[in-house]
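K.L.:
Below you'll find the structure I mean.
The values are calculated or read from the model by the stated rules, or taken from the named source; none is laboratory data. From a predicted model like this one, the values you see are computed outputs, not experimental measurements. Positions of Cβ are backbone-derived with ideal geometry, glycine not excepted, and every protein chain shown enters the neighbour counts.
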Amino acid sequence: MSAGVPGERSAYPHAYGPRVAVYAALVLLGLLTGVAGTLVQGGWFPLGLLLALAAAGGLFWGGATLCRTKVGAAAPAAGWVLAVLLTTSSRPEGDFLYAAGIGSYVYLFGGMLVAVMCTTIALPAPPVSLDKNR
């Protein structure tokens, strides 16, 4: 039977609403992780940088593993990049969150590298039962 026949069970479920809600939650978590990482990487330089990158990498890989799609990793990465871009701009008072040191550049480029790596890794689809008598 083809997949387009009404009443037939598809091997891959298509739940559009919950999937969009999960992606939106991942974008929000990416925003929060980006802002927290910005503050932590400069505040506790050697360990804060590692903590910020580990948190970003864990979120990106966790999103990819949860959704089993590349969009699952790209959604929190997009939120993270948006947060980082918004926090890189200086304020009119002259305040800024990123120092001109190596730690800031490692955080910016390292986070982008981790995001690209987690997004491009192909994850296998979850096992689906083909038993139609269930």
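K.L.:
In the list L28, L39, L49, which residue meets the criterion of being touching a helix residue (DSSP H, G or I) at 6+ places or on another chain (Cβ under 7 Å), of a type in the set (A, V, I, L, M, F, W, C) and loosely packed, with under 15 Cβ neighbours inside 10 Å? Full working, then the answer.
P.N.:
Working: L39 fails: touching a helix residue (DSSP H, G or I) at 6+ places or on another chain (Cβ under 7 Å); L49 fails: loosely packed, with under 15 Cβ neighbours inside 10 Å.
Checking each option against the conditions leaves just L28.
K.L.:
Given the structure, is L31 in a helix (DSSP H, G or I), under 28 Å from Y16 (Cβ atoms) and at pLDDT 95 or above?
P.N.:
Values: in a helix (DSSP H, G or I): yes; under 28 Å from Y16 (Cβ atoms): yes; at pLDDT 95 or above: yes.
Against the criterion (in a helix (DSSP H, G or I), under 28 Å from Y16 (Cβ atoms) and at pLDDT 95 or above), L31 qualifies.
K.L.:
Look at L66 and say whether it is under 18 Å from A24 (Cβ atoms) and either surrounded by fewer than 16 Cβ atoms within 10 Å (Cβ to Cβ) or without any contact (Cβ under 8 Å) to a residue 12 or more places away in the chain (or both).
P.N.:
Values: under 18 Å from A24 (Cβ atoms): yes; either surrounded by fewer than 16 Cβ atoms within 10 Å (Cβ to Cβ) or without any contact (Cβ under 8 Å) to a residue 12 or more places away in the chain (or both): yes.
Against the criterion (under 18 Å from A24 (Cβ atoms) and either surrounded by fewer than 16 Cβ atoms within 10 Å (Cβ to Cβ) or without any contact (Cβ under 8 Å) to a residue 12 or more places away in the chain (or both)), L66 qualifies.
K.L.:
Quickly run through region 34-63 and pick out the residues that are among the aromatic types (F, W, Y) and under 11 Å from G103 (Cα atoms).
P.N.:
To start, the set of residues in region 34-63 that are among the aromatic types (F, W, Y) comprises 44-45, 60-61.
Correct list: W44, F45.
K.L.:
Which one is modelled with the highest pLDDT among residues in region 80-127 that are aliphatic (A, V, I, L, M) and outside any helix (DSSP H, G or I)? Outline the logic, then answer.
P.N.:
First pass over region 80-127, keeping only residues aliphatic (A, V, I, L, M): 81-86, 97, 99-100, 102, 106, 108, 112-117, 121-123, 125.
From what is left, the residues that are outside any helix (DSSP H, G or I) are 97, 99-100, 121-123, 125.
On the way: L97: 70, A99: 69, A100: 71, I121: 85, A122: 68, L123: 75, A125: 67.
It comes out as I121.
K.L.:
Additional query: Inspect region 40-55 for any residue being modelled with pLDDT of 90 or more, under 24 Å from S104 (Cβ atoms) and of a type in the set (S, T, N, Q) and give the result as yes or no.
P.N.:
Checking region 40-55: not a single residue is modelled with pLDDT of 90 or more, under 24 Å from S104 (Cβ atoms) and of a type in the set (S, T, N, Q).
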